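One structure is given here, and the rest of the page talks about it.
The values are calculated or read from the model by the stated rules, or taken from the named source; none is laboratory data. Being a predicted model, the structure only gives us computed values, none of them experimental. Note that each Cβ is placed from the backbone with ideal geometry, even for glycine, and that neighbours are counted across all protein chains shown. All accessible areas refer to the heavy atoms of the entire protein, side chains included, with ligands and DNA or RNA removed. Shrake-Rupley method; radii C 1.70, N 1.55, O 1.52, S 1.80 Å.
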Amino acid sequence: TSVLCGWIGMMVAVHANVRTAHECWRDLRSGFDVALCGGCVMGFSLVSIGILALLSLVLIVRLWFPSKAQQLVMFEDIAGYGLGASFVALFGRVGGGIYTKAADIGADLTGKNDYGLDEDSYLNPACIADNVGDNVGDIAGMGADLFGSFSEASCAALVLAADTPALSESRTAMMYPLLISACGIFVGGATLAIQSLLFQVREKPDVERALKGLLLISTVLMSPTIVLLSWACLPDTFHLRDSKGVHWWGCAVAALLGLWSGLVIGCVTEYYTSHSYAPVREIAETQRQSAATGIIYGLALGYSSCAVPVLAIGTTILGAYTCCGMLGVALGALGMLATMTMGLAIDAYGPISDNAGGIAQMAGLPAEVRERTDCLDAAGNTTAAVGKGFAIGSAALVSLALFGAFTVRARVTHALLLDPWVLTGLLLGAMLPYAFAALTMKAVGTAANDMVK
C-alpha cells in the first residue's frame, strides 16, 4: 500500500510540475491552484487507500478468526500491517532522502561553484537528478513516513480497543480509530472548499497565508468531528483492562490533544523556517560577517526550535494517559494524524512548485514566470518543514502507543528505572539516532562527491 501511494504521488507530481510552470505563465493564483491540487492527490490517495487496505485486511483475516473470543488475537496479527509500512518507510525516507540531498549538493557544486551556471541551468545534467530527487524524497519518502505512523497508530489503537471488553463487544466502537482517519478525508475536502473562499491568492504574501490556512481550518473542522464521533461510537462509560473507568469524552479529549498539538508543532515549525519571521531573517543577517557565524546561529536556532514541540508532545502524552491510559496515547497519535490529508498536500506542494521553477528555467520561459514559481517555492520550503514536524511528532506518540500496546498485552505494570538493563537500553536508544544520522550524512557526502567526479 505504501509503495502504491508513493508511486501515485510521484506520477501525479511529475505531471503537476509542468502544469504549474505553464499556469504561472498566466498568473500566480493559477500556478498555486495546480500545485496544491497535485499535492492533494497524494494526501487524499494515501489516507483513503490506507484505510481501505487496513479495513480489507480486517475483513479477510476475520475469516480465520470468526468468534469474538479470537478477536484480540486477530488484531495482534493485523499489527504486522504497521510493520510492513514502516519497513517501506525506512527505504523510502532514508534512501530517498540520501538521493535527493546528494543530487541537490552535487548539482550546486558542479553548476554554481565550478562553472558559474545559473541554478537549474539546462547545461547542468545534475539538475535533472535534483528534480527527480525532490519527488523521491519529499513525496514518496514523506508519504511513506507518515503512512507508517498512521498504520502503526491505527494498529496499536485496535489492539488496545480489542483488549477492552466493553469496546470489543461493539463493532462501532472497534472501528472508532479508523473512523477518525476516515472522517479526516471529508474534513480535508471541506477545508479545500473553505480555503478557496477565505484565502484568495493574488500577491506573494498570500501564498504562505493560504497554506497556513489549510492547517488551521482542517484542525478547527476536525475538532467537533472528533467529539461527535466519540459520542456516537463509544459507550458512555467503560473500564479498561486495569479497571480504570473511562468516559467517552475522555477519548475525545485524548484525540483533541493530539490534533491541536499537531497544529502547534506546525505553527512553531513555520515560525522557525519561514522568511516572514525573525529567526530566518536573523540567520540571513549573520551571513554579513561570515558563513561560519551563520552556521553557528542556524544550529542554535534549530536546537531552540525543539522546545515547544517537545512540550506539546509531553502535554499530549500526560493528558491522554490521564484520560484513558495507553489507549489515549494511541488516540492522541491518531488525532495528530487526523489532518494528514492536508499535511501531506502542503508537503507535496513544495517539490511540485520547486520543480516547476526548474522547468521554467530550463525551458527559457520569461523572467516573471520564474519569479512566480520562486514565490511558490519559498512557501513550499516552509510547508515541507511543517510536514517533517508532523512526521516527527506523530512518530514519538506512535512509538509510545506501540510500547503501551505491548505492555498492556504482556501485563507489564511497571519498569524499574534503576535496573541496569533498563539504563543500558536507554543509553543505547539515545545513541542510535546519532549513529544513523552519521551514516546517512556520510552517505550524502560520498554520493555528492561521486556526482561531482
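For segment 14-160, the alpha-carbon coordinates run over 70, 34, 20 Å along the three principal axes, in decreasing order.
Model label points for ILE296 and LEU52, set 7 angstrom from Cα along the Cα-to-Cβ axis, are 5.6 nm apart. How much of the accessible area of segment 142-243, in percent, comes from carbon and sulfur atoms when a 1.4 Å probe is used? Of the solvent-accessible surface of segment 142-243, carbon and sulfur hold 63 percent. Taking Cα pairs under 8 Å and at least six residues apart, what relative contact order does segment 177-227 come out at, in percent? RCO, segment 177-227: 43 percent. Here the relative contact order of the chain, from alpha carbon pairs under 8 Å that lie six or more residues apart, stands at 24 percent.
Within straight-line reach of LYS204, meaning a Cα separation under 20 Å, sit the following aspartates and glutamates at least 8 residues removed in sequence or on another chain: GLU23, ASP27, ASP33, GLU270, ASP347, ASP354, GLU368, GLU371, ASP374, ASP377.
Ligands, DNA and RNA are left out, and with a 1.4 angstrom probe the accessible area of the chain is 46 Å² per residue.
Hydrophobic long helices, here whole DSSP H runs in the chain with Kyte-Doolittle means of at least -1.0 and Cα atoms spread over 24 Å or more along the helix axis, are found at 2-23, 28-61, 142-162, 176-198, 204-233, 248-273, 307-336, 340-362, 367-410, 420-452. Charged side chains reduced to their Cβ positions (Lys and Arg at +1, Asp and Glu at -1) give the chain a dipole of some 980 debye around its Cα centre. When the helices of the chain are scored as -39500 (n - 2.57) per DSSP H run of n ≥ 4 and the total is divided over every residue, the value at 222 nm lands at -27000 deg cm²/dmol.
Averaging the Cα positions of each part gives two centres, and for segment 397-441 and segment 7-25 these lie 41 Å apart. For segment 357-453, which whole percent of the accessible surface, found with a 1.4 angstrom probe, sits on carbon and sulfur atoms? Carbon with sulfur: 72 percent of the solvent-accessible area.
Taken as Cα centroids, segment 219-278 and segment 306-336 sit 9 Å apart, rounded to the nearest whole angstrom.
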